[in-house]
1. When you look at residue 24, is it exposed (fewer than 15 other Cβ atoms within 10 Å of the Cβ), at positive phi and modelled with pLDDT of 95 or more, yes or no?
2. Starting from residues that are in contact with a strand residue (DSSP E or B) (Cβ under 9 Å, 6 or more places away or on another chain) and modelled with pLDDT of 95 or more, keep the ones in the stretch 30-40 and report whichever is surrounded by the most Cβ atoms within 10 Å (Cβ to Cβ).
3. So which helices (runs of 4 or more DSSP H) are wholly in the stretch 56-103 and hold at least 2 residues that are within 16 Å of the chain's Cα centre (by Cα) and surrounded by fewer than 16 Cβ atoms within 10 Å (Cβ to Cβ)?
4. Please go through the stretch 2-47 and pick out each residue that is in a loop (DSSP other than H, G, I, E, B), more than 15 Å from the chain's Cα centre (by Cα) and over 24 Å from residue 65 (Cα atoms).
């Protein structure tokens, strides 16, 4: 099974990735590849051969099409511009929070 986590470099996405890798399965299927998508990634990523990272803008349809393969079984969309940042830059919030999900 191939899984993608948008916002995989963020607090929740990174915790989810570590938990999925430790568990090794999702819905009783073995995890073959876990791709984290974000603009930056924290230090200390697990050295797991199933893990890949891809930096880019999930609101860009061409990037999203390249990042999320047709045979991806599950996508956890955790990329977001939250709270004050989305209020300060409404267009950025809409682009990432809404368009990123549509892609």
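The values are calculated or read from the model by the stated rules, or taken from the named source; none is laboratory data. Computed from a predicted model, the values in this text were never measured in an experiment. Quick reminder, even Gly has a Cβ in these numbers, built from the backbone with ideal geometry, and neighbours come from all protein chains shown.
1. Numbers: exposed (fewer than 15 other Cβ atoms within 10 Å of the Cβ): yes; at positive phi: yes; modelled with pLDDT of 95 or more: yes.
For residue 24, the condition - exposed (fewer than 15 other Cβ atoms within 10 Å of the Cβ), at positive phi and modelled with pLDDT of 95 or more - is met.
2. Only one residue tops the list, namely 37.
3. Values: elements: 61-67, 83-88, 90-94.
Qualifying helices (runs of 4 or more DSSP H): 61-67.
4. 24, 27, 28, 43, 44, 46, 47, listed by residue number.
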